[in-house]
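Below: one structure, written as structure tokens.
The values are calculated or read from the model by the stated rules, or taken from the named source; none is laboratory data. The structure displayed is predicted, hence computed values, not measured ones. As a convention, Cβ positions derive from the backbone with ideal geometry for all residues, glycine included, and neighbour counts pool all protein chains shown.
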Amino acid sequence: MKRILGIALLLSIVYLLLFATPLQLEPVLKPTWAQNLANPVQRAQDDTTERVPFRVGNVFGFVTTGGAVRYLNTVQFGLALDRDRFINFSSVSTNLVVKDADGRIVASFAEHGYPMFLSGRLFVVSPSRTALSERDADGNLVWSREFGSIVTCLSATNDLLAVGLLDGTVAVLDRSGNVAWSYTPGGSRLAAVYGCALSSDDQILAIASGLDPQRVMIMSRNSSGYRRVRELALKDESRGRIFMHLFDRIPYLFIERPGSLMYVPIGIGRPGALPIPNGIIADVAPLAGGSLQLTAIRPNEGTVELLLLAPPDHIIGRLAFGGTTLSASGSEGSMYVGVDRELVRIDVLER
Amino acid sequence: MTIVSLRGAAGLALLAAWVIASPHTVGALDWPVSQPSLTATFGEERGDQFLSGIEIDAADPRVHPSDAGQVIFSYRGDDPRDIPTGLGDFVVIDHGNALRTLYGHLRSGSIPRSITSASPSDVIGRVGDTGDATGPHLLFEVFDRTNHESLNPLKALPPLAGAASPVLAGVFLERDKQLFELAAQSPASAGRAAIVVAAYDPSEYVDYFDPMAPYRIEVTLNGKPVSSVTFDALKAEGGKLRVVSSGSTPTFDELYASATRYRMGDLELQPGEQALDVKVSDYAGNVAERSYLITVEGAP
């Protein structure tokens with residue numbers, strides 16, 4: 001008997017030393033405050049200065065972490081929204097005005113096009129969607145380029161800009177707007193690029209291209225550009241933009257598909273998919289701590305859903321709302337969730 | 001024969017010559033709407049860019065593919081993360097012969113959700129005013145995917161008869177950023193001068209002034225060609241879109257002095273009498289032409 005107990009104890013110690021892993025802490029989602037954007041309550045006691053941008057349907061602005069709505073406006077035709085500035089523009093804009101989180105003008109410039117903030121950089125797309133330019137923080141022109149083909153996707157890092165074109169080419173531009181590398185995936189009966197994603201360190205480039213078959217390629221940077229390291233075919237071919245995501249320290253490529261979020265390991269490993277039944281993915285974004293927030297809309301059911309994921313597909317939190325629009329932005333362990341006209345701060349606490 | 005009939009016959013003859021000289025096959029594509037009214041032509045000024053297609057009004061808003069093909073791309077403007085566009089809701093169809101066509105400014109919600117292929121009898125959307133359109137119309141573009149060019153759709157569509165001639169509003173010499181309009185007989189000093197032609201093709205389908213770009217502008221001096229531009233195609237080279245034609249291949253900034261004024265290169269004016277001829281043609285083969293006698297004095 002003693003011998004059996006001794007062996008059991010020894011095995012337990014060996015197990016604890018070699019195989020035991022800490023229990024995964026489940027997050028607790030704690031609503032902190034809520035604002036009705038149709039009639040926001042002024043919070044005079046809030047003296048927090050950090051502004052968090054938000055866009056909920058056709059309304060946008062900046063809110064403090066304490067819940068004070070510091071700027072609120074309606075989107076004209078389009079909106080370029082960054083962490084601390086925005087450009088609200090009309091469909092026939094010929095003069096673009098950059099404003100800060102309090103609505104003060106910080107720069108303006110004359111250009112016939114539509115602005116986008118990507119990785120903190122300001123780009124302007126021509127109305128024909130065949131030309132791009134970049135502006136600096138003061139609105140000065142850095143470069144401009146005409147492609148002669150419709151731009152279908154963009155992905156920017158600090159140093160590079162990947163441009164996907166309808167003619168089936170991907171061009172990677174440097175900070176001067178010169179083509180540092182270009183690639184035509186080929187291999188499909190109909191050539192077109194539908195999605196592109198650059199990792200923030202420029203080491204990985206993902207491309208979704210072609211019809212019959214439609215394929216995703218994961219490419220790794222080398223001395224001459226990028227080389228293909230992985231490729232897979234997509235079922236349910238899309239004929240519009242395919243949103244793909246690469247996040248820091250998360251070794252997966254995420255691909256938004258109809259009714260699911262697909263994930264592909266950057267290295268070896270099998271792809272998988274998280275089903276989002278009857279849902280249309282609105283966005284996927286990283287949260288502090290390595291988790292992801294996924295927002296989905298179910299128009300047929302009149303509901304919207306926010307999922308917290310431990311990558312790649314483990315749901316660790318879920319919130320559902322009645323509504324038709326949903327947006328979420330993250331900041332330091334909190335989410336700012338907009339549902340129709342409501343904006344809610346939800347803190348993500350580990351239990 | 002009446003004068004109108006003579007003009008019509010001459011116009012048809014010119015149109016036939018234009019068709020024969022065209023690098024693309026007229027009639028290869030069908031008009032995407034019934035009873036089309038042309039309101040903007042290929043190459044027209046659009047702010048600081050060329051219009052890379054044509055704009056069409058239609059009494060019947062149903063839009064059909066110009067030819068059978070596969071839907072290669074569609075945009076419905078329903079994801080705020082996507083790249084904003086002045087094209088509005090649009091569809092691109094691949095016709096399997098290097099040609100792709102684009103149908104823009106479609107009415108919101110009118111593009112069928114599951115459309116993958118289309119025949120000319122299908123409805124792929126309805127004429128709308130999405131994007132940067134200031135009124136309902138269809139933007140129609142043609143791409144040659146092999147040569148990476150935007151083609152003038154009028155060279156592939158059945159011809160629209162147009163009786164109205166293009167308007168040659170004036171011809172100018174430009175020196176030191178100053179414009180001097182030429183009269184039938186004008187003095188000028190010797191030396192280099194840029195030539196600027198003011199011209200447009202009036203749309204006869206609308207009841208307001210709607211100057212469209214002409215199809216071709218040709219300048220000759222003393223019977224010798226100086227410059228010409230023909231809006232056959234546009235192609236990006238070195239990051240800039242250029243007119244592709246048998247004549248000059250200018251960028252937008254090189255060509256357009258303003259919405260209806262075209263920079264047609266430089267003249268070297270030698271002392272003596274110089275005969276300048278300017279001819280403007282529209283897509284239907286109508287022509288406006290003027291001759292100028294320039295008396296050039298001084299040393300070059």
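Below, the figures for the structure above:
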item	result
Pick from segment A:207-234, criterion of a type outside the set (S, T, N, Q) and within 14 Å of chain B (Cβ to nearest Cβ), ranking: farthest from the chain's Cα centre (by Cα)	A:212
Filtered residue count, segment B:252-273, keeping only those that are surrounded by fewer than 19 Cβ atoms within 10 Å (Cβ to Cβ) and without any contact (Cβ under 8 Å) to a residue 60 or more places away in the chain	3
Residue B:141, sole failed condition from (1) surrounded by fewer than 20 Cβ atoms within 10 Å (Cβ to Cβ); (2) touching a helix residue (DSSP H, G or I) at 6+ places or on another chain (Cβ under 8 Å)	(1)
Segment A:82-95: number of residues that are under 19 Å from residue B:86 (Cα atoms) and in contact with a Lys or Arg (Cβ under 8 Å, 6 or more places away or on another chain)	2
Check on residue B:159, away from every other protein chain (no Cβ under 14 Å) and either among the β-branched types (Val, Ile, Thr) or crowded, with 20+ Cβ neighbours inside 10 Å (or both)	no
Positions within segment A:60-77 being closer than 18 Å to residue A:335 by Cβ and either in a loop (DSSP other than H, G, I, E, B) or hydroxyl-bearing (Ser, Thr, Tyr) (or both), in sequence order	A:64, A:65, A:66, A:67, A:68
Qualifying positions in segment B:1-52 - aliphatic (A, V, I, L, M) and either at pLDDT 90 or above or in a loop (DSSP other than H, G, I, E, B) (or both)	B:1, B:26, B:28, B:29, B:33, B:38, B:40, B:51
From B:238, B:247, residue being within 14 Å of another protein chain (Cβ to nearest Cβ) and surrounded by fewer than 20 Cβ atoms within 10 Å (Cβ to Cβ)	B:238
Residue list for segment A:46-59, restricted to those being within 14 Å of another protein chain (Cβ to nearest Cβ) and farther than 14 Å from residue A:101 by Cα	A:56, A:57, A:58, A:59
Any hit, segment B:194-207, residues being closer than 30 Å to residue A:171 by Cα, more than 14 Å from chain A (Cβ to nearest Cβ) and either touching a residue at least 40 places away in the same chain (Cβ under 8 Å) or not β-branched (Val, Ile, Thr) (or both)	no
Checking residue B:209 against (1) more than 12 Å from residue B:279 (Cα to Cα); (2) assigned to a strand (DSSP E or B), the condition it does not meet	(2)
Among the candidates A:268, A:281, A:297, residue that is closer than 28 Å to residue A:208 by Cβ and free of Cβ contacts under 8 Å to residues at least 24 places away in the same chain	A:268
Residue A:162 vs. criteria over 17 Å from the mean Cα position of the chain (by Cα) and in contact (Cβ under 8 Å) with a residue 24 or more places away in the chain	no
Which numbered condition residue A:80 fails, given (1) closer than 24 Å to residue A:171 by Cβ; (2) part of a loop (DSSP other than H, G, I, E, B)	(2)
Residue within segment A:60-77 that is surrounded by 18 or more Cβ atoms within 10 Å (Cβ to Cβ), over 19 Å from the mean Cα position of the chain (by Cα), more than 21 Å from residue B:89 (Cβ to Cβ) and within 13 Å of chain B (Cβ to nearest Cβ) present	no
From A:285, A:328, residue being among the small types (Gly, Ala, Ser), touching a Phe, Trp or Tyr at 6+ places or on another chain (Cβ under 9 Å) and either assigned to a loop (DSSP other than H, G, I, E, B) or closer than 27 Å to residue A:233 by Cα (or both)	A:285
Considering residues of segment A:288-299 that are more than 24 Å from residue A:218 (Cα to Cα) and part of a strand (DSSP E or B) only, the residue farthest from the other protein chains (Cβ to nearest Cβ)	A:298
Of all residues in segment B:57-67 being at pLDDT 95 or above and touching a strand residue (DSSP E or B) at 6+ places or on another chain (Cβ under 7 Å), the one that is farthest from residue B:131 (Cα to Cα)	B:66
Qualifying residues in segment A:78-112 (those that are within 14 Å of chain B (Cβ to nearest Cβ), among the small types (Gly, Ala, Ser) and over 23 Å from residue A:159 (Cα atoms)) - the one surrounded by the fewest Cβ atoms within 10 Å (Cβ to Cβ)	A:110
Residue that is surrounded by the most Cβ atoms within 10 Å (Cβ to Cβ), among those in segment A:218-237 that are within 23 Å of residue B:75 (Cβ to Cβ) and either touching a Lys or Arg at 6+ places or on another chain (Cβ under 8 Å) or free of Cβ contacts under 8 Å to residues at least 24 places away in the same chain (or both)	A:234
Residue, farthest from the other protein chains (Cβ to nearest Cβ), within segment A:120-168, restricted to residues that are over 30 Å from residue B:140 (Cα atoms) and of a type in the set (Asp, Glu)	A:138
Any hit, segment B:226-247, residues being of a type in the set (S, T, N, Q) and either more than 28 Å from residue A:130 (Cβ to Cβ) or in a helix (DSSP H, G or I) (or both)	no
Residue B:230 vs. criteria farther than 15 Å from residue B:166 by Cα and out of contact with any Phe, Trp or Tyr (no Cβ under 6 Å at 6 or more places or on another chain)	no
Selection from segment B:153-172 of residues that are within 12 Å of residue B:288 (Cα to Cα), among the aliphatic types (A, V, I, L, M) and within 15 Å of the chain's Cα centre (by Cα)	B:167
Residue within segment B:17-25 that is more than 13 Å from chain A (Cβ to nearest Cβ), among the aromatic types (Phe, Trp, Tyr), crowded, with 20+ Cβ neighbours inside 10 Å and touching a residue at least 40 places away in the same chain (Cβ under 8 Å) present	yes
Single residue of segment B:122-146 satisfying the filter (in a loop (DSSP other than H, G, I, E, B) and within 10 Å of another protein chain (Cβ to nearest Cβ)) that is farthest from residue A:114 (Cα to Cα)	B:146
